[in-house]
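The values are calculated or read from the model by the stated rules, or taken from the named source; none is laboratory data. Not measured: the values here are computed from a predicted model. Cβ sites come from the backbone with ideal geometry, for glycine too, and all protein chains shown count toward neighbours. Please note that ligands, DNA and RNA were not included when accessible areas were found on the heavy atoms of the full protein model with its side chains. Shrake-Rupley method; radii C 1.70, N 1.55, O 1.52, S 1.80 Å.
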Amino acid sequence: MGNFLAGKVVAVTGAGRGIGRAVALAAAAEGARVVVNDYGVAIDGASPTSEVAEAVVKEIETAGGEAVAVADDVATMAGGQRVVDVALESYGRLDGVVCVAGILRERMLFNMTEEEWDPVVATHLKGTFTVFRAASAVMRKQRAGTLIGFTSGNHQGSVSQANYSAAKGGIISLVRSAALGLHKYGVSANAVAPVARTRMSANVPMELAEIGEPEDVAALVVYLLSESAQEVTGQVYTIAGPKIAVWAQPRELRAAYAEGSWTPERIAEFLPGSVGVDPMPMLSQVAGMERAAVSGSRPNAQ
């Protein structure tokens with residue numbers, strides 16, 4: 001057992017498997033008392049069971065740590081509140097929340113149904129909001145705490161996961177909003193975009209040149225939860241095996257000004273050469289993915 005998080009109470013959603021489980025185990029190994037939340041569903045969000053959260057609690061206890069299970073669905077306001085309430089009831093405080101819970105329902109945008117859109121956005125984006133909302137109220141009074149959301153490189157866009165990508169982009173904006181609104185209360189908020197071998201990454205239609213294990217991601221999360229990262233806020237970090245990267249903050253790339261009012265004709269004349277476009281990196285990978293779908297192979301990601 002380490003002491004990087006000694007005395008802290010941390011809640012982790014989606015902690016029954018994969019990255020969430022690795023985060024819960026790592027936090028406990030570094031001295032935190034952990035609320036292990038997992039609705040226990042399949043990758044598409046079906047067939048919930050409370051057993052997966054309880055199994056991780058037993059792992060933590062066997063290793064000498066302290067943990068409690070919460071099987072509530074964080075896509076509901078009551079579920080997010082329950083995670084926070086259990087932390088307070090069990091341990092008297094809450095120092096960090098890590099929102100990993102997520103599901104996938106892939107479909108091309110023109111075929112995607114409401115039943116494929118709503119649960120994905122609800123689990124990822126609303127599930128982060130419900131926990132952040134309940135936790136931030138506690139942390140504001142404590143004047144200390146850490147919120148961590150999980151995003152993805154797919155916030156740049158995805159061929160067949162518009163629901164997932166939209167939710168992951170929303171999480172980044174939610175994290176930045178939390179960072180801005182809570183900074184004066186001593187509360188930080190950051191996002192992690194992991195690249196790791198999990199049941200959700202197993203069906204990625206390309207060979208990922210940079211990929212790691214859930215334990216790599218957990219190490220970054222433990223750092224962000226610790227006193228060492230107290231001043232780090234509003235950031236998005238990728239971790240992929242040995243690589244750690246920080247994403248740029250949103251900013252204007254180029255601007256131009258008209259003399260008088262713009263018209264469509266003047267924009268058509270002026271914009272291409274003066275303001276132009278910012279190339280979309282993901283577009284270059286689409287052709288390779290389409291060829292791979294035909295041949296049955298997996299293209300390499302750049």
Long-range amide H partners of Lys8, meaning residues 5 or more apart or on another chain whose placed amide H is closer than 5 Å, are Arg33
Amide H proximity to Thr151 below 5 Å, modelled H, separation 5+ or other chain, gives Val192, Ala193
Ranked output for segments 165-172, 267-274 by mean other Cβ atoms within 10 Å, highest leading, reads 165-172, 267-274
Scalar couplings 3J(HN,Hα) for segment 129-146 by Karplus 6.51 cos²θ - 1.76 cosθ + 1.60 (θ = phi - 60°), nearest whole Hz, x for Gly and Pro, are 4, 4, 6, 4, 4, 5, 5, 5, 5, 6, 5, 4, 5, 6, 6, 5, x, 9
Note to self: with every protein chain in place and a 1.4 Å probe, the chain gives an accessible area per residue in Å² of 50
Here the percent of antiparallel bridges among DSSP beta bridges lying wholly in the chain, to the nearest 5, is 10
With all protein chains in place and a 1.4 Å probe, Arg107 shows an accessible area in Å² (nearest 10) of 110
Quick calc, Leu88 & Gln249: beta-carbon distance into FRET formula, R0 41 Å, rounding 0.05, result 0.75
The FRET efficiency for Ala144 and Glu265, from their Cβ-Cβ distance with R0 = 45 Å and rounded to 0.05, is 0.20
For Kirkwood radius over Cα pairs in Å, with candidates (1) 20.3; (2) 21.8; (3) 19.6, the value calculated from the shown model is option (1)
For Ala101, the residues 5 or more places away or on another chain with a placed amide H closer than 5 Å to its own amide H are Thr13, Gly14
In whole Hz, the Karplus estimates of ³J(HN,Hα) for segment 86-102 (6.51, -1.76, 1.60; θ = phi - 60°; x where Gly or Pro) are 5, 4, 5, 5, 7, 10, x, 6, 8, 9, x, 10, 10, 9, 9, 3, x
Helix-only [θ] at 222 nm, the chain, -39500 (n - 2.57) per DSSP H run of 4+, per residue, nearest 500, equals -12500 deg cm²/dmol
The percentage of the accessible area of the chain (probe 1.4 Å, all protein chains present) made up of carbon and sulfur atoms, to the nearest whole number, is 54
Taking every other residue with Cβ under 14 Å from the Cβ of Gly234 and scoring Lys and Arg +1, Asp and Glu -1, one gets +2
Scoring only Lys, Arg, Asp and Glu (+1, +1, -1, -1) among other residues with Cβ under 10 Å from the Cβ of Ala75 yields -2
With every protein chain kept in place and a 1.4 Å probe, the residues Tyr185, Tyr257 fall, from largest accessible area down, as Tyr257, Tyr185
Computed over the chain, the relative contact order (Cα-Cα under 8 Å, seq sep at least six) in percent reads 15
Among beta bridges assigned by DSSP with both residues in segment 1-154, the antiparallel ones amount in percent, to the nearest 5, to 0
The answer for the net charge of residues other than Gly273 whose Cβ lies under 13 angstrom from its Cβ, with Lys and Arg +1 and Asp and Glu -1, is +1
In nanometres, the difference between 0.36 nm per residue of separation and the alpha-carbon distance of Ser274 and Glu215 is 16.6 nm
